[in-house]
1. From the phi angles alone, apply the Karplus equation (6.51, -1.76, 1.60; θ = phi - 60°) to segment 59-68 and give each ³J(HN,Hα) in whole Hz, x where the residue is Gly or Pro.
2. For segment 1-64, state which trypsin sites (Lys or Arg not before Pro) are in a DSSP loop and have at most 16 other beta carbons lying within 10 Å of their beta carbon.
3. Based only on other Cβ atoms within 10 Å, what is the fewest-to-most ordering of TYR50, TYR38?
Amino acid sequence: MEFVIITLLVLGIILWLPGVVWMGIQAFADHPSWGLAYVLIPGSWLAFFYVKWKIKWRRQRIKWPFVLQVLGYLFITMSGIMYLLTPPSLLSFKQSEVPVEPTTAPPQFSNY
């Protein structure tokens, strides 16, 4: 099961990252203020997409970066939901069950 979770996560990152870079390039190509907003303000890519979608020739330039970002987000979200809903008995990456022995404080700290 963890193979599917990790595969979805990696596939999501592989789709999401080029979409982010590509949309950032489109934002800077449109106007430097859009580019700075895209880099500095989380979620500004949605505003950029909404505003530029109305212009037909711009729509063709931002359609595929937007699709890549959304697909990447969907795969990453699906992997997180699958991880949360999978019973721990089916996952092989559990916490180690090595017993932890209590430690004693070094002598210089034993007075406190």
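1. Result, ordered by residue: 4, 5, 7, 10, 5, 6, x, 5, 4, 4 Hz.
2. LYS54
3. The most exposed by this proxy come first: TYR50, TYR38.
Only the coordinates and a few stated rules stand behind these numbers; no lab work does. Here the structure is a predicted model, which is why all the values come from computation and not from measurement. No Cβ is skipped: glycine too gets one built from the backbone with ideal geometry, and neighbour counts run over all protein chains shown.
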